[in-house]
Amino acid sequence: MKKKLGALAMVAASALVLAGCSTDGGNDGAAGSASNDITLWVMGGDTPDELRDYLKTEYNRVNGGTLTIEEQDWTDAVAKLTTALPDRANTPDVVELGNTWSPTFSSAGAFSDLSDIYEELGGDSLLQSFVEVGEVDGKQYALPYYFGSRYNFYRKDIWEAAGKTVPTTLAEFNETVASLRTDSMSGFYIGGSDWRNAISWVFANGGELAKKEGDTWVSTLSDPKTIEGLTQFQTLFTDASNAPATEDDSTPWININDNAATGQPEAATIIAPGWASNSIGNPATITDPETGVETEGYEWDDETFGIFVLPGVDGGAAPVFAGGSNIAISAASGKQEASRALLKIIFSPEYQRMLGENGLGPANLDYSDSLGDDQFSLALIKSAENSKLTPAAPGWAAVEGAQLPVEFFGKVAAGGDIPALAKEYDEKISALLN
């Protein structure tokens with residue numbers, strides 16, 4: 001059954017409290033009345049003005065009310081959601097939230113059950129890794145909004161000079177990038193504590209970070225398949241990367257570009273979100289086509305740079321961590337039907353295509369062709385289709401907030417005893433998962 005939590009540990013340096021939310025949405029007003037006015041929270045600036053304007057206009061046309069869109073900063077969004085969602089008088093009606101936050105808020109009763117309209121909003125055509133983290137007991141509470149995924153960028157010039165070709169299996173990838181490493185250049189630049197990328201080696205080998213046993217979530221770092229993936233990552237880091245073991249999320253695209261001082265790159269290969277392509281290439285003056293404003297940046301060069309999806313153990317695409325957002329209706333909102341009307345607009349073919357046309361992976365993969373057919377779009381789609389997310393455990397946000405994945409993977413990369421570390425961190429993580 002769905003849990004109602006009186007208090008909940010959340011992301012951040014300190015614990016935040018989320019009171020149990022009522023699932024009684026109350027009665028919506030008649031179409032065209034002020035009671036049909038609703039508020040949507042979006043996170044950061046990823047939803048462009050063109051899409052915001054469309055939502056406002058279409059919502060008014062279809063539902064007769066006013067849609068107010070309020071942008072929240074990612075840095076304090078969890079704290080704001082924690083405070084606002086249970087407050088019936090001040091809750092946003094519909095909210096965008098980070099995909100890895102979805103299990104915590106969904107399990108706490110913060111969102112309304114969307115199971116009865118799940119098929120109408122896209123059903124199995126929706127990106128399933130995002131659907132799963134918004135599910136509780138087989139019911140859908142938070143659905144995908146947009147996705148981004150990770151793939152490899154490489155220096156064609158360096159690979160070709162060394163006689164290397166794009167690998168088709170994960171073992172070939174590991175061997176190739178290790179052979180390209182020098183004292184001044186990583187064959188594959190990855191920070192040792194960069195767990196969001198490192199977990200691809202765990203997932204590729206059939207391992208998991210945590211699983212549900214009965215009604216209880218437990219950490220599974222000690223599982224043999226997880227150990228196998230961790231061992232492979234440890235060897236990869238030791239043999240292929242010059243990055244510090246303590247480095248977490250970084251900007252590896254800086255390393256694959258030529259260093260301004262030396263004229264040479266510090267990485268032959270990296271893994272990064274698809275939008276990193278805008279920061280990779282030869283130095284160039286970039287002119288904004290709308291404003292005419294010139295800025296110094298980078299221009300992609302197909303002769304020097306290339307991309308490919310991280311291969312799996314037996315070929316195909318390895319499961320990589322997917323970035324992006326989910327969207328949900330606040331259970332405390334008194335405007336449930338009006339909020340559902342907005343979701344139907346968001347999941348309509350028109351809006352899904354608008355997401356893709358603006359470089360955001362659409363929630364409904366039937367419209368993924370709207371991203372385009374260039375090499376970056378095709379790699380994004382291929383990597384996202386096999387993507388995975390963090391465990392859908394109620395306390396996963398607390399695990400991240402305590403920096404346990406960062407600590408654990410950093411110690412693994414530094415050459416630590418993997419079985420011993422796995423046992424130690426299984427205990428720490430399991431204590432926060434439920």
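The values are calculated or read from the model by the stated rules, or taken from the named source; none is laboratory data. Computed from a predicted structure; not experimentally measured. Every residue, glycine among them, receives a Cβ derived from its backbone with ideal geometry; neighbour counts consider all protein chains shown.
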For this session: Being crowded, with 19+ Cβ neighbours inside 10 Å and within 30 Å of Asp87 (Cα to Cα) narrows it down to one of Ser277, Ser333, so name that one.
Result: Ser333
Problem set entry | Given (1) over 15 Å from Ile271 (Cα atoms); (2) in contact (Cβ under 8 Å) with a residue 40 or more places away in the chain; (3) in contact with a helix residue (DSSP H, G or I) (Cβ under 8 Å, 6 or more places away or on another chain); (4) outside the structural domain of Glu350 (by TED's automatic domain parsing), number of the condition Arg155 does not satisfy | (1)
Exercise. Would region 329-352 turn up any residue that is under 28 Å from Asn434 (Cα atoms), in the same structural domain as Leu114 (by TED's automatic domain parsing), in contact with a Ser or Thr (Cβ under 7 Å, 6 or more places away or on another chain) and of a type in the set (Ser, Thr, Tyr)?
Worked result: yes
Exercise. Looking at Ile327, Ile345, which is the one that is of a type in the set (A, V, I, L, M, F, W, C) and not in a helix (DSSP H, G or I)?
Worked result: Ile327
For this session: Starting from residues that are of a type in the set (D, E, K, R) and outside any helix (DSSP H, G or I), keep the ones in region 215-237 and report whichever is farthest from Glu427 (Cα to Cα).
Result: Asp215
Exercise. Wholly within region 116-214, which helices (runs of 4 or more DSSP H) include no fewer than the required count, namely at least 3 residues that are surrounded by fewer than 17 Cβ atoms within 10 Å (Cβ to Cβ)?
Worked result: 156-161, 170-180
Problem set entry | Test: residue in region 257-279 that is touching a residue at least 24 places away in the same chain (Cβ under 8 Å), within 24 Å of Phe147 (Cβ to Cβ), of a type in the set (A, V, I, L, M, F, W, C) and part of a loop (DSSP other than H, G, I, E, B) | no
For this session: Could you please find all residues in region 352-378 being surrounded by fewer than 22 Cβ atoms within 10 Å (Cβ to Cβ), in contact (Cβ under 8 Å) with a residue 12 or more places away in the chain and of a type in the set (A, V, I, L, M, F, W, C)?
Result: Met354, Leu365, Phe376
